[in-house]
1. If you bin the C-alpha pair distances of region A:155-232 every 10 Å from 0, what whole percents do you get?
2. Return the distance in nm (one decimal) between the two label points of a simple spin-label model at residue A:78 and residue A:140, each offset 7 Å from Cα along Cα→Cβ.
3. With θ set to phi - 60° and the Karplus curve 6.51 cos²θ - 1.76 cosθ + 1.60, what are the ³J(HN,Hα) couplings of region B:450-466 in order, to the nearest whole Hz, using x for Gly and Pro?
4. Starting from the amide H of residue B:585, placed 1.01 Å from N in the peptide plane, find each other amide H under 5 Å away whose residue is 5 or more places distant or on another chain.
5. Any idea what the dipole of region A:126-232 comes to, in debye rounded to 20, about its Cα centre with Lys/Arg Cβ at +1 and Asp/Glu Cβ at -1?
6. Which pairs, out of B:27/B:262; B:49/B:262; B:328/B:404; B:265/B:328; B:49/B:145; B:27/B:404, put more than 27 Å between their alpha-carbon atoms?
7. Quick one: what does P(r) look like for region B:117-225 with 5 Å bins over all Cα pairs, in whole %?
8. Using only the Cα atoms of region A:1-139, construct the convex hull and provide its projected area averaged over every direction, in square nanometres to one decimal.
Amino acid sequence: MARLPGPINVIVETWDPYISQPFFDDGGTSKGLGWQILISLQRVAMGYGLAAVVGIAIGGVLGLNRFIGKGLDPVIQVLRTVPPLAWFPISLMVFQDANTSAIFVIFITAIWPIIINTAVGIREIPQDYTNVARVLRLRKGAYIRNIVIPATVPYVFTGLRISVGLAWLAIVAAEMLKADGGIGYFIWDAYNAGGDSSSSQIILAIIYVGVVGLALDRLVAYVGSRVAKGGN
Amino acid sequence: MTVAFLTVDDVTQVFPLDDGGRYVALKDIDLSISEGEFVSLIGHSGCGKSTLLNLMAGLTQASSGGILMDGRQVTDPGPERMVVFQNYSLLPWQTVRQNIALAVNNVMRSSTAAEQSERIEQSIQLVGLGHAADKYPGELSGGMKQRVAIARALAIRPRLLLLDEPFGALDALTRGNLQQQLMQICQQAGVTTVMVTHDVDEALLLSDRVVCLTNGPEAGIGQILQVPLPRPRQRLEVMNHPDYYHLRSELIGFLQQQRRLKQRKQRVTPLVPAGKPDLETVRLGYLPGLDIAPLAVAMERGFLSEHGIELRPVAFDRWQSLEDELLKGELDVAITSATTPLALTLGLDGQPAWPAITPMTVTRSGNALCLARRFSDLGIHNLSSLAERLKGREWPLRLAVAQKGNMQELLLRHWLASGGIDPDREVELLALSPMAMEATLRAGEIDGFIAGRYRVAKAVDAGLTTVLATDLDMWGGHPEKVLTCHEDWALNHQEALLNLCAALMRGGQICEDPAEHDQLVALLGAAQWLGSGSALALQRQFDLGGDEPSGVRLPLNRFHSDRAHLANAAEGSWILSQFSRWGWSAFPSNRLELLSQVYRSDLCSRALERAGFADLRPERAPFALADGVAFDQDNPLEYLNQLPYCRATALESIPLPTGSSPRPIAAH
């Protein structure tokens, strides 16, 4: 059994260049960890952003229309249990491009919690609020603006928080399989290099992955709390 | 009388249940509310108060019946009927001002922005929340939230304000302040208000009328209480008002009775599963008379066996023996006087109380009072000449009734008293078997009797008597005979009872069909019913517009039409008032409990359905007997106070016998 380096060794072995110079760029895929993370974040931003837009839209339709909601529920329940990486080969076949495929995997992983939570949020709008809207005879636009959206926001952000974690999980895994650059690529590359400091590099990257994942979660939560101001 | 602003017309609300059944939340609700009135709905939880409020708001639609405001049907919710919901229903993501603005801007679309904001500010000031206008509801206390909800509701100037337990969640001090504020605001705005509450003091303080709902399922209006306290009201003044405690105890009494009824319903569960498929034997007691015509028809036409009943009719010649057998359990049911179920349940005449119920009225009307011939020779043809004559007499007039305390006696006493005759001093009332009355009169032992018209007609035909009055002079359409049985028997043999009622109802319909009269006379003339001697009198009874002397020309008994079958608790309430009037029992302060236990309109409805007839329901409006004094079931004591010769109006809570009373119920 190979021994892993201790904490001090990890820092010593990766201090230069990985810790001290996060943004070095030797050309090609040899970049600092900062760049690698930014490459991954860029992919997440695209896939996750797309998932948020499409997911909220689909969730909104499913929540407002009980008929469609009931019809599509089984499909959603089946698709959402498919592991992220199972999508990867088929998206590679379709898109013929590792970068696009990685973004698609993030999209398809992140979209389900958003859809489900948005739909539930709309269905769970308290009867009290809809009664107020009915008594005041609020018009559709005013109803959606004043009641549906504010009442659903907490649910949507719960979905977005779950999704951002899943997206970050998926990107690291997808990059490990096939990608040019990104933090997942970095880990796999370090393993393949098999040098003396490989295990230290991997450990450092894992810590970075965790920290970034936490930061993403907090960021979405913060945005959520700002958007749902005055809420319950 | 002004035209009602809001009318709840015969509303029934049914909810489907998950198991495929139906839950009837409200049944046959009728209510009129005039403009500017403040009405409270009170009742135990689950009685459908909020359901009724939602119907008024238009948030839900009644399963049958409808709600009219200003003559237009309420079909959907709208700002002219603003609701203050139970849990405030403020939007938590909007400030106080925004919450009110949402309502105002939406309702006052045609107004300018300046007008809108003026209205918003005005409303905020109205409830004294200027300092909190920019706070979110989450930052406010419960009382402040409720003020915002009220401000929002009033800001759009609704014509009807609906409040659903507005102060339920508040502490006593806040509640008191808010009640006072609400009262002032509503009075200033002159807005018609309906409030759901379970707080008796709150209802009395705020309302012009308190509508008490009975327990669900099938909740109905149990009582409507006027609150005649002067306005403007102050809490302390109201509580010191001499009427306050009377009103309060009425309301609390109502709620307590409803609670006991609910407990009773839970305690009483059927011993045998309902709906036995095979023929069930039912022993029914009766006294021969025209009132058994529906029974005779039901047997003759096979209605009973159609409904799966094998009936064993048992004829009696005295009411006392029939009652004895019923109490012993030798009879399952009996056709008795309309007063019997209440008399048995109250245990009049020192008997042990026996929990009787009545699911239907078998016949209405049909009585006449006759006096021996010599009275008419003396010029006595009506009540006033009789009263005149009795003034100078030293011995009382001897009149016979078929049973002490029966409907005939109550009618007779009421009628005599209305003419200024004291039925306890100037008249002596004797109980005689109806079969023996004619002979006893012939022997000169009585001066007259009140009995079924056909019996009276026989005595008239025999030249013995003349008719002095019929029940048209007393109470046309009064309940005469009802079906009576023990509460437990009704519970354990509910199918049989419903089937029996259905068969009697169908029989009753035929009795009223003029095309059937010849056959009916032939049927009743058979030996097993009234005997051939009755044929002539019966013929006359059914021969409307014949050439009898005017005093004998009698309208028909009622067996079916005009809601004859109803087990009407309002009439029971009148009977109770008379029991108390003549000092036979105290007036039960828990009368509604007693009446809803005895008068089983639920069984009546189901039997009507089984017989294929439309459901009947009593009118809540006061009714009057021939003397014209209106009887309001919501205020029987006032009625008693207007009547002459009132012996006692002591109010007393009367313990009601339960099904588990020591008297054994004989098994078949």
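Laboratory data are not the source of any read-out in this text; all were calculated from the coordinates shown. Computed from a prediction, not measured in an experiment: that's the story for all the values here. A quick note on method: Cβ atoms are made from the backbone with ideal geometry, for glycine too, and the neighbour counts reach across all protein chains shown.
1. 18, 38, 24, 14, 5, 1
2. 3.2
3. In residue order, the calculated couplings are 10, 7, x, 4, 6, 5, 4, 4, 4, 5, 5, 4, 6, x, 8, 9, 10 Hz.
4. When sequence neighbours closer than 5 places are left aside, the close amide H contacts are B:580.
5. 1140
6. Details: B:27/B:262 17 Å; B:49/B:262 16 Å; B:328/B:404 20 Å; B:265/B:328 25 Å; B:49/B:145 23 Å; B:27/B:404 37 Å.
Flagged as over cut-off: B:27/B:404.
7. Calculated P(r), rounded to whole percents: 2, 10, 21, 22, 18, 13, 7, 4, 2, 0.
8. Working: hull surface 60.4 nm².
So the Cα hull casts an average projection of 15.1 nm².
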